[in-house]
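Taking it in order: structure first as structure tokens, then the write-up.
Please treat every number below as a calculation from the coordinates, not as lab data. All figures in this text were calculated on a predicted structure; none of them were measured in a lab. Note: ideal-geometry Cβ built from the backbone for every residue, glycine included; neighbour counts use all protein chains shown.
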Amino acid sequence: MKIAVVGTGGVGGYFGGRLAAAGNAVTFVARGAHLEAIQRNGLTIRSSRGDLHLENIHAVESVRKIEAVDLILIAVKLWDTEDVAQALRPMAEEGTAVLSLQNGVEKDEVLRRILPTESILGGVCYISASIVSPGVVGHHGAIQRIAFGEYSGQESARTQTILEACRNAVIDADISLNIERLIWEKFVFLVGLSGTTTSMRQTIGSIRQNPRTRSLLLDLMREVVDLGRSRGVDLSEDYAADRLDFCDSLPASMTSSMHADLERGNRLELPWLSGGVVRLGKGHDVRTPLNRAVSDILEPFVLGSPQRI
């Protein structure tokens with residue numbers, strides 16, 4: 001396949017690198033020192049699933065420098081989604097498939113406002129990966145999975161082609177016939193994990209073993225379940241409890257990417273996580289007081305570490 005990866009951070013760098021190593025023609029969109037290192041030395045992936053070093057990588061600094069491709073993987077931070085979609089519009093109108101691996105439940109709604117609806121595939125990924133130094137992506141743990149599907153709930157030739165490409169690249173992948181529910185299922189967990197670990201500056205191990213913080217984690221996720229069900233998403237009433245059980249299975253040292261961004265003084269995706277729950281809740285008459293509290297606590301850090309006065 002001819003593939004473009006827009007956002008060559010941990011997620012885009014890892015999955016794009018695996019696809020390139022399997023023989024697909026991959027164009028990477030990156031920026032700054034990371035782009036310069038990839039253009040000069042290639043892309044390195046360090047992973048328990050096998051290290052890679054890819055030389056002669058086609059890496060560019062702008063979406064507008066992507067040539068004709070079959071598939072575009074979007075892996076930028078959520079605040080860049082609209083700008084990226086505007087730049088991708090000519091390719092999408094020509095029939096290129098667009099698959100976002102971003103967080104949140106609003107990403108594809110943003111894409112639909114700009115791109116042809118039929119170009120958009122729903123998708124979700126499960127991985128912990130980050131840029132450890134310019135040109136080097138680290139995969140933390142063993143999980144590396146993508147699920148995607150047509151919003152129509154039908155399989156298609158393009159989803160089958162993407163599935164084959166992923167499996168040939170030794171990426172755990174599945175086609176989902178209810179991709180919206182899958183996106184919301186991840187959102188329930190992600191809001192709970194990011195909200196607690198970031199607001200408390202703690203790992204999941206510390207949070208789940210304390211009765212009060214454990215209860216907060218559960219109730220944050222319950223608010224998301226209530227919101228999803230109010231929007232017609234097929235989530236069971238007790239799905240938050242299921243995700244709490246899942247949290248008990250995670251390494252005690254695990255945290256969230258938003259917590260890592262806070263520690264580094266970076267911008268946060270808060271407005272699309274707990275903040276998004278609050279905003280969407282208002283539109284569906286769903287109370288979200290705990291996610292509002294998390295959002296309010298972290299608001300001073302949304303644009304990065306505030307200047308001390």
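A few notes on this one:
- Rough spin-label spacing in nm, given labels placed 7 Å along Cα→Cβ, for Arg287 and Ser249: 3.3 nm
- Under Stokes-Einstein, with the Kirkwood radius over Cα pairs as Rh, the value for the stretch 161-241 at 37 °C and 0.692 mPa s is 229 µm²/s.
- Both radii are taken from the alpha-carbon atoms of the chain; with Rh as the Kirkwood radius, Rg/Rh is 0.95.
- Per-residue 3J(HN,Hα) values for the stretch 129-144, derived from phi via the Karplus relation 6.51 cos²θ - 1.76 cosθ + 1.60 with θ = phi - 60°, read 8, 7, 7, 8, 6, x, x, 10, 10, x, 9, 9, x, 10, 6, 7 Hz in sequence order (x marks Gly and Pro).
- FRET efficiency, Arg89 to Glu67 (Cβ-Cβ, R0 25 Å, nearest 0.05): 0.95
- Shape category assigned to the stretch 181-301 from the gyration tensor of Cα positions, a/c cut at 1.5: oblate
- Linear extension gain, Gln154 paired with Arg214, 0.36 nm per residue minus alpha-carbon span: 17.8 nm
- Peptide packing for 22-30, 154-162 was compared via the average number of neighbouring C-beta atoms within 10 Å per residue; ordered from the highest value, the list is 22-30, 154-162.
- Taking Lys and Arg as +1 and Asp and Glu as -1, the other residues whose beta-carbon sits under 12 Å from that of Ser119 total -3.
- Taking all C-alpha pairs of the stretch 1-84, those more than 23 Å from each other amount to 13 percent.
- Near the amide H of Val132, within less than 5 Å, lie the amide hydrogens of Val137, Gly138, all on another chain or at least 5 residues away, with H placed in the peptide plane.
- Taking a ≥ b ≥ c as the square roots of the eigenvalues of the Cα gyration tensor, the stretch 257-309 is classed as prolate, since a/c reaches at least 1.5 and a/b is larger than b/c.
- Selected from Met221, Leu273, Val233, residue furthest toward positive end of dipole (the stretch 181-301; charges at beta carbon): Leu273
- Entry note, the stretch 2-177: relative contact order of 24 percent, from Cα contacts under 8 Å with a spacing of 6+ residues.
- Global form of the stretch 53-210, assessed from the alpha-carbon gyration tensor, a/c cut-off 1.5: prolate
- Amide H contacts of Ala173 (H built 1.01 Å from N, under 5 Å, at least 5 apart or other chain): Ile146
- Val60 long-range amide H proximity, modeled H, under 5 Å: Phe28, Val29, Ala30
- Taking 0.36 nm per residue of separation and subtracting the current Cα-Cα distance, fully stretching the chain between Thr117 and Asp242 would add 41.7 nm.
- Centre-to-centre, using Cα atoms only, the stretch 234-256 and the stretch 195-223 are separated by 11 Å.
- One decimal place: the segment His58-Asn178 gains 39.8 nm when fully extended, by the rule 0.36 nm per residue minus the C-alpha distance.
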